[in-house]
Protein chains: 2
Amino acid sequence: MRNAEPKSRRSISSGSTGPGRPRLKDVAALAGVSAGTVSHTLNHPERVVPETRTLVLDAIRQLGFVPNAHARALKGAASQVIGLVVLDIGSPFFMEAARAVERSAREVGHVVILSSSDDDPVRETALLRILAAQRVRGCLLTPAEAPPSPAWFSRHRLPVVLLDYPGGATECWVAVDHVAGARLAVRHLLELGHARVAFVSGPVALRQMVDRGKGARAAIVDAGLDPGEVLVEVIQEGFGIADGIVAAERLLATGVPSAVFCGNDMLAFGVYRALRRAGLRIPDDVALVGYDDVDFAADWAVPLTSVRQPIDQLGSVATQLLFEHMTGQSEHMHRQIVLQPELVVRESSGRPIDGRS
Amino acid sequence: MRNAEPKSRRSISSGSTGPGRPRLKDVAALAGVSAGTVSHTLNHPERVVPETRTLVLDAIRQLGFVPNAHARALKGAASQVIGLVVLDIGSPFFMEAARAVERSAREVGHVVILSSSDDDPVRETALLRILAAQRVRGCLLTPAEAPPSPAWFSRHRLPVVLLDYPGGATECWVAVDHVAGARLAVRHLLELGHARVAFVSGPVALRQMVDRGKGARAAIVDAGLDPGEVLVEVIQEGFGIADGIVAAERLLATGVPSAVFCGNDMLAFGVYRALRRAGLRIPDDVALVGYDDVDFAADWAVPLTSVRQPIDQLGSVATQLLFEHMTGQSEHMHRQIVLQPELVVRESSGRPIDGRS
DNA sequence: CCGATTGATTGAATCGATTCAATCAAGCGA
DNA sequence: TCGCTTGATTGAATCGATTCAATCAATCGG
């Protein structure tokens, strides 16, 4: 009994009930060649004589054969998949980055597994394990807290590039210099003649926000001034428009400086709204600068001066670095890249004010 | 020579040069059990006596073993991956949908391969082939034009649910009723007493835009009026803020109706901007309604009345349907789900106007 | 006209985990 | 103490494609 039909379970159902997912073997049978030849036409077409090739390709088309990537991968072929783990798919920042990554990956024939750690290190680890199990070719990661050690990645043979996270010298990463961005913004305001500047910050749990605060102070120090006298900090729990409104109201209660720099554009929009309601004009009464340069900034009622992050570049550079890492042999040198943001000056920051320091 | 070390190429390097990616075999060797037992501790822990289990688990931990998903899949285990092919990752709509899909998939222990067809049917086919090759468990697709036939998907054993696309009765799909959405919007304007309504449409190549136009006309017919007399259509090539501005300028040239319904919120924002510049007040002089209810709509200078699509629901319902399809045996019935959008009334549409029809 | 060379094709081993039948050991009743 | 049941563990076959050595055929020079 056991030997009567030892290996044709699949074939039977394939022959009788339905088409069944065609295997390479089926193609070979239909084309009247061996399995090896079919494989060759797919992977080394030059080794196969044209007539045979057409024969095989016809059979493939006829059966609608799609080679099993798992079997292929098992034999050692490099996977065509890379992983991307971000903190929050919902954020426009990561969305744009993901877009760039997807595009860059596509250019070299790869697809992307996208997932979100939701800022949870435990979930992050779980996701990395899944990616390792999938034997993806490599992965891009924005760590929730500290990323797994480089040893973890090399142990799992999982090339990694950290995204928007300044790591150590023994790993690859690409980050944006938030300190520099804020520095540009505040320097701009100081150059316009503002003597006191408010910094509306989002949650300080975010490295980015802390960096932007640092940059603001640095710009003031650069100008030979005292941050303690020039900077007014307002810290919000969130970073939406509503938080910006609250921040502006807090400022209104204590006296609004002539310039406000916000940790991101949403906060700036909120601040704008609240200040307008209070009868203040932008930029005549208050100069306003945001951060991120979201799509909307240029189209806001008063076009918003903002710091543009090279998100696109972030995604594509990181992907390129990853491919370098993936394809590079063991002689791969870890590289760290810091991208510089750019200040986009629009109407909201206004013109130089008369010196009344 | 050939037989001297027939199978230990990997083992050698593993033993001598570096750690090497540990295989199940290595775990078995370290734990002093057979491969089968290791597999059992992973997949049928109850079949293995507790002491052996700890032994094996220790070995797994010690080696940092992560089972090869490809080998697993090859043996027939269901993949933990689903595919998602959208038209454009960049758009907020798909971003939000992707987010919902990712979340729903995660809840049942799956990850998502995200990719964008960029509205190109050729690329769409290529992506679907990749997904089929990866033997993903199933896939969600927003077709660029007509999707591949249900036969294609069943041939490749690739369960599919069409996303935001009303397909046929022999496939699964989830879509939003754009006709109904526009109908709600225009009915609202008519009920407020507006006798003439402009419809600012985006590119008519988009099914959505055409449907919204239909809905606008339907609402007028519902009210017993003649669309030819009531509706003024303005068609734009794009659907950004700039296009909205152009549309408004065209309206201004011919005389602006007392109400404007826009194919999406961006167009509405542009219209708002242009009308304000022309000295018209919203909603006092012109009532304005958008579509999509993007994050910004509520926070716009004059909070925008808009039609909210249940995008989140779209993503999660589609994913649930896909899982039903994937896990369901052949007795799976194809299901079609149409989600209803909702009108969110805010200030921009104003209050009832005095009857001056 | 024969041996050698080139090139196309085939066959079999292989990747790593699963699974089922087979084995092995322990425990139990008689 | 022997046979039998029960349950843990092992071994071998298997999934589907790749690849390399082996085979087979044809062509060419001598």
Worksheet entry | Under 5 Å, built H, 5+ apart or other chain: amide partners of B:Val260 | B:Ala198, B:Ala287, B:Leu288, B:Val289
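With +1 on each Lys and Arg Cβ and -1 on each Asp and Glu Cβ, how big is the dipole of region B:67-187 about its Cα centre, in debye rounded to the nearest 20?
Working: 13 positive and 12 negative charges, 132 e Å.
I would put it at about 640 debye.
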Discussion item. Label position 7 Å from Cα toward Cβ: report the copy-to-copy distances for A:Pro121 in nm, one decimal, ordered from shortest.
Written reply: 5.1
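Could you sort A:74-85, A:284-295 so that the peptide with the highest average Cβ count within 10 Å comes first and the rest follow in order?
On the way: A:74-85: 18.5, A:284-295: 23.7.
Those peptides, ordered most packed to least, come out A:284-295, A:74-85.
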Worksheet item: Say the dipole of the protein assembly as shown comes from +1 at the beta carbon of Lys and Arg and -1 at that of Asp and Glu; which of A:Ser91, B:Gln62, B:Pro159 then lies farthest toward its positive end?
Response: B:Gln62
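Suppose we keep just the DSSP beta bridges with both residues in the protein assembly as shown; what percent of those would be antiparallel, to 5? Before the final figure, lay out each step's value.
Values: 9 of 81 bridges.
Taking every DSSP beta bridge within the protein assembly as shown, about 10 percent pair in antiparallel fashion.
Can you sort B:Cys172, B:Cys139, A:Cys262 from fewest to most other Cβ atoms within 10 Å of each residue's own Cβ? Could you put the intermediate results ahead of the total?
Details: B:Cys172 24, B:Cys139 27, A:Cys262 33.
By the 10 Å Cβ count, ascending: B:Cys172, B:Cys139, A:Cys262.
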Worksheet item: Copy-to-copy spacing for B:His44, label 7 Å out on the Cα-to-C-beta vector, in nm, shortest first?
Response: 4.1
Practice prompt. Using the 7 Å Cα-to-Cβ label point, sort the distances from A:Glu342 to its equivalents in the other copies shortest first and give them in nm to one decimal.
Written response: 4.1
Response to the item:
Phi angles of region B:51-58, converted by Karplus (6.51 cos²θ - 1.76 cosθ + 1.60, θ = phi - 60°) into ³J(HN,Hα) in whole Hz with x for Gly and Pro, give 4, 4, 4, 4, 4, 5, 4, 4
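If you take every DSSP beta bridge whose two residues both sit in chain B, what share of them, in percent to the nearest 5, is antiparallel? Intermediate results must be reported in sequence, preceding the final value.
Details: 3 of 39 bridges.
Roughly 10 percent of the DSSP beta bridges within chain B come out antiparallel.
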Fill in: Backbone HN-Hα couplings from phi across region A:288-299 [Karplus 6.51/-1.76/1.60, Hz, Gly and Pro as x]
10, 10, x, 8, 2, 6, 5, 2, 5, 3, 5, 9
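Here, each number is a calculation from the coordinates, and none is a lab measurement. These numbers were taken from a predicted model, which means no experiment stands behind them. Neighbour counts are summed over all protein chains in view; Cβ atoms, including those assigned to glycine, are modelled from backbone coordinates with ideal geometry.
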